[in-house]
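K.L.:
Dumping the structure here so I can ask a few things about it.
Just so it is clear, none of the values below were taken in a lab; they were calculated from the coordinates. Just so it is clear, the model here is predicted, and its values are computed rather than measured. For neighbour counting, all protein chains shown are included, and Cβ atoms are generated from backbone atoms with ideal geometry for every residue, glycine included.
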Amino acid sequence: MKIAVIGQGRMGSLLKEEAKRRGHDVVMGDCLDPDRVLAAREDLDLIIDFSHPNNLDFILEQAANPSTALVLGTTGYTDEQLERIEDEAQTRPVFFSSNYSLGVAVLKDLAARAAAILDSWDKEIVELHHSQKADAPSGTALSLLEAIDPQNEYEHVFGRHGKPGPRKKEIGIHALRGGSAAGDHEILFLGDQETIRISHSAQNRQIFVNGALDAAEFMENKPAGLYSMKELIGDRS
């Protein structure tokens, strides 16, 4: 495929290297230098973006051909931007995930199943990322929250301080930041005198690169629609 990778940072460079290793034709794009993609945008098969939410308009401008698929891995989109992504999926194939790790996709599936069985147990989410991460909690933590509370039945408590009093029907979400941690996520199910912990630890960004390229290859010749890691792991099962 002919793929445009948006962003010149570490993730963009790793995506370019892995895409080329897999035999794809890769062009790099940057909203600060739009000419790098504009010249080639008509025949792009797919655009991969792991840059910044502010680049969404630029990315959609590059997808001039309605058959050009999108693989979006940026987190921190506003509700309006998420609606726009959903609208875009009405006319082209769009793959969107806050985390492209195959392990995290399985984690979400396991967490959803456990939450359905352990409905009366208390639930907490803890995530750890490197000191330079911009958003908190992580997009992955929020997707785990959605997995264990799909009907939005619980109060969502982002950290605790002061005197919150006895626990209500709530789920706590806690963001830790420091060092160079690539990303750790844990869901705790707390029952009467027993605890279940389901966790995932990312050792290297390469797992996200591999997952993003797996998603890109999965999207080849797909019809318009919104796709996620759920469809990708379903395709493998």
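K.L.:
Using the Karplus curve 6.51 cos²θ - 1.76 cosθ + 1.60 with θ = phi - 60°, work out ³J(HN,Hα) for each residue of the stretch 73-78 in order, rounded to whole Hz, and write x for Gly and Pro.
P.N.:
In residue order, the calculated couplings are x, 6, 10, x, 5, 6 Hz.
K.L.:
Also, I was wondering about something else. Report, in whole Å, the centroid distance computed from the Cα atoms of the stretch 2-23 and the stretch 165-189.
P.N.:
Result: 32 Å between the Cα centres.
K.L.:
Compute the relative contact order of the stretch 102-201 as a whole-number percentage, counting only Cα pairs closer than 8 Å that sit 6 or more residues apart in sequence.
P.N.:
41
K.L.:
If you don't mind, there's one more thing I want to ask. Could you give the dipole magnitude of the chain about its Cα centre, charging the beta-carbon of Lys and Arg +1 and that of Asp and Glu -1, in debye to the nearest 20?
P.N.:
The calculation lands at about 720 debye.
K.L.:
Moving on to the next point. Using the Karplus equation 6.51 cos²θ - 1.76 cosθ + 1.60 (θ = phi - 60°), what ³J(HN,Hα) coupling, rounded to whole Hz, does each residue of the stretch 94-104 give in order, writing x for Gly and Pro?
P.N.:
10, 9, 10, 8, 7, 8, 9, 6, 4, x, 5
K.L.:
Counting Lys +1, Arg +1, Asp -1, Glu -1, what net charge surrounds THR195 among other residues with beta carbon under 14 Å of its beta carbon?
P.N.:
-3
K.L.:
Explain nothing, just the number: relative contact order of the chain, from Cα pairs under 8 Å at least 6 residues apart, as a whole percent.
P.N.:
It rounds to 22 percent for the chain.
K.L.:
How large are Rg and Dmax for the stretch 70-223 when calculated on the C-alpha trace, in angstrom?
P.N.:
Reported Rg and Dmax, both Å: 16.7, 55.
K.L.:
Sorting TYR154, TYR227 on the 10 Å Cβ count, fewest up front, what's the list?
P.N.:
The fewest-first ordering by Cβ neighbours comes to TYR154, TYR227.
K.L.:
What order do you get for ASP45, ASP87, ASP135, ASP192 when you list them from fewest to most C-beta neighbours inside 10 Å?
P.N.:
ASP192, ASP87, ASP135, ASP45
K.L.:
Same structure, new question: Karplus couplings for the stretch 116-127 from phi (6.51 cos²θ - 1.76 cosθ + 1.60, θ = phi - 60°), rounded to Hz, Gly and Pro as x?
P.N.:
Residue by residue, the stretch 116-127 yields 5, 7, 9, 4, 8, 7, 6, 9, 9, 10, 10, 10 Hz.
K.L.:
How much length, in nm to one decimal, is gained on full extension between ILE117 and LYS230, taken as 0.36 nm per residue of separation minus their Cα-Cα distance?
P.N.:
Full extension of this stretch gives 38.7 nm more.
K.L.:
Pop a pseudo-label 7 angstrom from the Cα along the beta-carbon direction at both SER13 and GLN81 and give the gap in nm to one decimal.
P.N.:
In this crude label model, SER13 to GLN81 measures out at 2.4 nm.
K.L.:
Select from the stretch 123-219 those trypsin sites (Lys or Arg not before Pro) which occupy a DSSP coil region and have at most 13 other Cβ atoms within 10 Å, ordered by residue number.
P.N.:
Those satisfying the criteria are ARG160, ARG167, LYS168, LYS169.
K.L.:
Given 0.36 nm per residue, what is the gain on full extension from SER131 to GLU146 after removing their alpha carbon distance, in nm?
P.N.:
Computed gain between SER131 and GLU146 is 2.9 nm.
K.L.:
Separate question: Mean-square fluctuation check for the chain, GNM, Cα pairs under 10 Å: which of LEU144, LEU118, LEU107 is largest?
P.N.:
Result: LEU118 has the largest fluctuation of those listed.
K.L.:
Can you tell me the dipole magnitude for the stretch 102-201 around its Cα centre, using point charges on the Cβ only (Lys, Arg +1; Asp, Glu -1), in Debye to the nearest 20?
P.N.:
In total the dipole reaches around 280 debye.
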